[in-house]
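Everything on this sheet refers to the single structure shown next.
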Amino acid sequence: MTSTPGPGRAALEARLTPAARTWLGDALTEAAAAAATPAAPSAYIAHTWELRFAAAGRYCGQEHADAARALLLGEARADLETLTRLYQHGSAAERRAVLLALPALVPGPGALPLVDDALRTNDTRLVAAAVGPYAATHLDRHAWRHAVLKCLFTGVPLEAVADLARRAAGDTELGRMLTDYAAERTAAGRDVPHDLRRALALTGETTTTRPEGPSEES
C-alpha cells in the first residue's frame, strides 16, 4: 500500500506552531498505541485517537488538517470498519480526510460505499475528494462516467478526477453523455464549460452536437 496523502510528519511539523507540534506528537503516539493492539484495543485508546482525528483542524489549523488526519489514519492503521465509522460520524472536513486516505489504506473496492455517498452530495469538497485515485481504480465504468458528470454539474474542476485521460480515452458512451449535457446547456442559453470540451476531446468526440438516435451504455 502507498503512504497516506499529504506531507510526511517532518514536513508537516515544520509548518506547525510548537503547541501544534506537541499536540500532533501526542495524537500520533495514541494512534500508534491503538495500532499496536489490534486484537482488542482498549476503548480509551481507540476513542482517544479518533477524538484527536476530529480535533485536528482546531489544533493544527484548517490548512494542515488533511495532512494531520492522514498521518493519524496511517499511524493507527485504520481498517475499513474504522474508516467507515469516522466517515459516517464525521464533519465534511473529516469525511474529506477519510476519502483522501482510501488509496493508501484500502487495497480493494470495499470502501466504494463511502465514495458513492460522497458523490450523492453537493459538497464540492467531498465530490473532489471522491474522484481521486481510489475511484479511478475501483469505480466501474457506469459509476465513473456519472462521477465525471457530477463534477461538471457541481463545478468541481476535472483536474480533480484522477486518471481522467486514461479512463476517458475512446469512451464513446461518456462522449455521448457529455454531448447531451452540452446540448442541454446550449439550449438553455448557458455556456459550455472548457472542462466539458476538454473531457469530450479525450473521448474522441469532436463536436458538442450529436445526431439524435438510440445509444446503449456499456
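Quick notes on this one:
- Verdict on Glu81 being within 23 Å of Gly8 (Cβ to Cβ), surrounded by fewer than 23 Cβ atoms within 10 Å (Cβ to Cβ) and over 15 Å from the mean Cα position of the chain (by Cα): no
- Subset of region 166-191 [assigned to a loop (DSSP other than H, G, I, E, B) and on the phi < 0 side of the Ramachandran plot]: Ala169, Asp171, Ala188, Arg190, Asp191
- Meets criteria (among the charged types (D, E, K, R), within 23 Å of the chain's Cα centre (by Cα) and more than 23 Å from Pro109 (Cβ to Cβ)) for Asp195: yes
- Test: residue in region 169-184 that is touching a residue at least 12 places away in the same chain (Cβ under 8 Å) and under 29 Å from Asp66 (Cα atoms): no
- In the condition set (1) modelled with pLDDT of 95 or more; (2) over 13 Å from the mean Cα position of the chain (by Cα), Trp49 is compliant with all but (1).
- Condition check for Ala33: surrounded by 13 or more Cβ atoms within 10 Å (Cβ to Cβ), among the aliphatic types (A, V, I, L, M), modelled with pLDDT under 95 and assigned to a helix (DSSP H, G or I): yes
- Identification of helices (runs of 4 or more DSSP H) wholly contained in region 60-160 with 1 or more residues that are in contact (Cβ under 8 Å) with a residue 40 or more places away in the chain and in contact with a helix residue (DSSP H, G or I) (Cβ under 8 Å, 6 or more places away or on another chain) yields 62-76, 92-105, 141-154.
- Entry remark, region 144-193: residues being of a type in the set (A, V, I, L, M), surrounded by fewer than 19 Cβ atoms within 10 Å (Cβ to Cβ) and farther than 22 Å from Arg125 by Cβ number 6 in total.
The values are calculated or read from the model by the stated rules, or taken from the named source; none is laboratory data. Just so we're clear, the structure is a prediction, and the values are computed from it rather than from any experiment. We place every Cβ from the backbone using ideal geometry, glycine too, and count neighbours over all the protein chains shown.
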